[in-house]
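The structure under discussion appears below in the form of structure tokens.
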Amino acid sequence: MAVAQVSASMMSARAGMQLRGKSTRASARHAPLRVASCRRVTVSNAAAEALEAERTRGGREKLACTSALVHKAHAAKASAVAAAAWAASAAPAAACAAAPAVAVGADTAWILCSTALVLFMTIPGLSAFYGGIVKRKNVLSVLMQCFAITCVVSVLWYTVGYSLCFSTAGMVEGQTGLGAFIGGLDKVFLAGVTKDSLQGTIPEALWALFQMTFAVITPALMVGSFVERMKFNALMYYVVLWMFAVYFPACHMVWGGAGSFFGDLGVIDFAGGIVVHITAGMGALIGCMELGPRKDNRMVPGNLPLTAIGTGMLWVGWYGFNGGSAVAAGADAAFACLATQLAAATAACVWTAQDVLQTGKATLLGACTGSIAGLATVTPAAGVVGPLGAVCLGAAAGIICRYASLTVKEKVGYDDSLDVVGVHGVGGFIGTILLSIFGSAAFGGFNPVPASTQLPIQMFAAITTTIYTGAASYVCLKIADKLAGGLRAPPEAEDSGMDAYSHGEAAITLSAEETR
């Protein structure tokens, strides 16, 4: 009885094993990848064939031949599997490589906002700032000059300006040819700028528009040195000539990319200390010296509330000026805006403190001018300085720019009507140089280049730009003088006001008799 039970158990176990074997093989046949099943079938067939070969004459030779065939079958199967796996993995990579690059939405949105902010700096910001400082009989002339420059330079930028600044034709990194100083003509009338073309992570059309606003505000800054005495047509001739002779080359040399003159040297100009402020300041200095002083060069602001409003517009707009120069929505833009705020606030405090020490009064004009000095000074450094460096730059601006605007101007004797030279020229110059120090890690900055290496590079760029701009501006003024039949309005125009002389209008009409 026991033997029968053991025999039955053995038969049941053997049946179970056979059933599990069938189930396993069936499962293998229906698996997505059938490599294991194929290999088992091949090995089983080969094993059976080998056993049969051993029973016959010449079995050893047949066994060796069969083994070789099995090996080749395995190799072929492995190659096929590997090829299929490679094709499967390569397909997504090829698809990614073939996919066209697209703009990053966040970056595009930020630069769109920044573009509007920078344009807002010129009209109405700068217009209001300057318009409130001049005498009331000259307010419209200042507003009209800023407005006209905005229109003319925008068209000029579209036709040739963008190409001369950002075309890379003829540029070779490390080589100093013509392409290192000025762009080519392959992008005139924005040729090649389409909805699909990109500049980094934003549409190229947006990049061109953003840079257009920088080109607009730079010559408009110079207006502050010429107010109350320069003819309107002479100013417009000067601006057009100056854009070709100064701004376009300076922009290309600094921001043109690999192969540009200053770019290859490693010059840092984050948002325009060289391109905007040094060039505008030097162009203003040569212009006001060539024009000579006004008949009445007393500072008699006609509308300080308007100046305060304009200052606020400029300050807010500077977030787009400096923050937008990061060309991305991220930490770089955030730190640039933080540096902008701290430098402007510190400079205003330092300037005002000196006013109090000297006169016992905290003046609105001094606070407004000080904040603009801080903004101009931090512009080239906004991308490399941390909060501490920004405060240091603001303090330097409040001291040095104030001294240049009030003391140096009086001693030298040039009539820089609204302190363009002292605020923008000097501010841009010291900011370009001092970023080497305050942008270092010792001051919480982000520039990895040692100050001892960066400082001579920055000094060379600032000095050479100053010298070149001075010479080129002088030539442009001489040509404008010939074209306009003189740069300066007649003496009687200064008495009656440039509003009436240049435009036949008055800013404010107080009575009906004044309209006759």
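The values are calculated or read from the model by the stated rules, or taken from the named source; none is laboratory data. Note that the structure is predicted; figures quoted are calculated from it, not measured. Using ideal geometry, Cβ is built from the backbone for each residue, glycine included, and neighbour counts are taken over all protein chains shown.
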Unique match (being touching a residue at least 40 places away in the same chain (Cβ under 8 Å), of a type in the set (Val, Ile, Thr) and surrounded by fewer than 24 Cβ atoms within 10 Å (Cβ to Cβ)) among THR352, THR307, THR359: THR307
Single match in GLY224, GLY161 (criterion: within 20 Å of the chain's Cα centre (by Cα), assigned to a helix (DSSP H, G or I) and closer than 21 Å to VAL275 by Cβ): GLY161
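Of all the residues that make up segment 383-425, how many are assigned to a helix (DSSP H, G or I) and under 22 Å from GLN358 (Cα atoms)? Before you say what the answer is, go through the steps one by one.
Narrowing segment 383-425 to residues assigned to a helix (DSSP H, G or I): 387-412, 420-425.
Imposing the further condition that a residue be under 22 Å from GLN358 (Cα atoms) reduces the set to 394-412, 422-423.
Residues in segment 383-425 being assigned to a helix (DSSP H, G or I) and under 22 Å from GLN358 (Cα atoms): 21 in total.
Of all residues in segment 267-310, which are closer than 15 Å to THR464 by Cα and either of a type in the set (Asp, Glu) or out of contact with any His (no Cβ under 9 Å at 6 or more places or on another chain) (or both)? So that I can check it myself, show each step before the final result.
As a first pass, look at segment 267-310 and keep what is closer than 15 Å to THR464 by Cα: 267-269, 273-283.
Listed by number, the residues that qualify are VAL267, ILE268, ASP269, GLY273, ILE274, VAL275, THR279, MET282, GLY283.
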Residues that are surrounded by fewer than 23 Cβ atoms within 10 Å (Cβ to Cβ) and touching a Gly at 6+ places or on another chain (Cβ under 9 Å), drawn from segment 255-267: TRP255, GLY257, ALA258, GLY259, GLY263, ASP264
Unmet requirement for ALA442, which otherwise passes all of (1) without any contact (Cβ under 8 Å) to a residue 12 or more places away in the chain; (2) within 28 Å of PHE181 (Cβ to Cβ): (2)
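Conditions (1) part of a loop (DSSP other than H, G, I, E, B); (2) more than 25 Å from LYS135 (Cβ to Cβ); (3) at pLDDT 95 or above, marked per residue:
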| site | (1), (2), (3) |
| --- | --- |
| VAL449 | yes, yes, yes |
| LEU455 | no, yes, yes |
| THR464 | no, yes, yes |
| VAL475 | no, yes, yes |
| GLU505 | yes, no, no |
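With the structure loaded, tell me whether PRO387 is surrounded by fewer than 24 Cβ atoms within 10 Å (Cβ to Cβ) and either of a type in the set (Phe, Trp, Tyr) or within 23 Å of the chain's Cα centre (by Cα) (or both) or whether it fails that test.
Considered against the rule, which asks whether it is surrounded by fewer than 24 Cβ atoms within 10 Å (Cβ to Cβ) and either of a type in the set (Phe, Trp, Tyr) or within 23 Å of the chain's Cα centre (by Cα) (or both), PRO387 comes out as yes.
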